[in-house]
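Data first, discussion second: the structure below is written as structure tokens.
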Amino acid sequence: MANTTEPQNESKVENLVSVYPNPTTNNITLAVANMATDEELNVIITDALGRKVYQGNLTRTSNLQVPFTNLDAGIYILNAYVKNELVQSNKIIKMK
């Protein structure tokens, strides 16, 4: 019998940060989409080997331009934290 229940930790992951364009060949923009408070989001982007390639902060009224021009093609992971708690994780694809 198949298990159709949702993962327990799924409710902690929210869509707070919009990432576009994704996939990208150049830079990406990070924008806060659904944040009700004025708390800062700490954003960390890592490559497939877990090496940090970017770290920055976002508030609900800010956007960030993240340079991807000098990064190799591949998959990157964006993790967003509020008060050191992971609230969102996204894959970002860098094309040639």
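Quick one: in segment 19-53, which of the residues that are among the hydroxyl-bearing types (Ser, Thr, Tyr) and loosely packed, with under 12 Cβ neighbours inside 10 Å is nearest to residue 92 (Cα to Cα)? The extreme case among them is 20. Taken over segment 1-43, the criterion of being touching a Pro at 6+ places or on another chain (Cβ under 9 Å) and either aliphatic (A, V, I, L, M) or at pLDDT below 75 (or both) is satisfied by 28 alone.
In segment 29-63, the qualifying residues are those that are of a type in the set (A, V, I, L, M, F, W, C) and part of a loop (DSSP other than H, G, I, E, B), and the one that is farthest from residue 18 (Cα to Cα) is 49. Residues in segment 67-96 that are outside any strand (DSSP E or B), surrounded by fewer than 16 Cβ atoms within 10 Å (Cβ to Cβ) and of a type in the set (A, V, I, L, M, F, W, C): 73, 95.
In this structure, does residue 64 turn out to be more than 11 Å from the chain's Cα centre (by Cα), surrounded by 10 or more Cβ atoms within 10 Å (Cβ to Cβ) and touching a residue at least 24 places away in the same chain (Cβ under 8 Å)? Here the answer is yes, as residue 64 does meet what is asked.
The values are calculated or read from the model by the stated rules, or taken from the named source; none is laboratory data. Not measured: the values here are computed from a predicted model. Note that we place each Cβ from the backbone using ideal geometry, even for glycine, and neighbour counts take in every protein chain shown.
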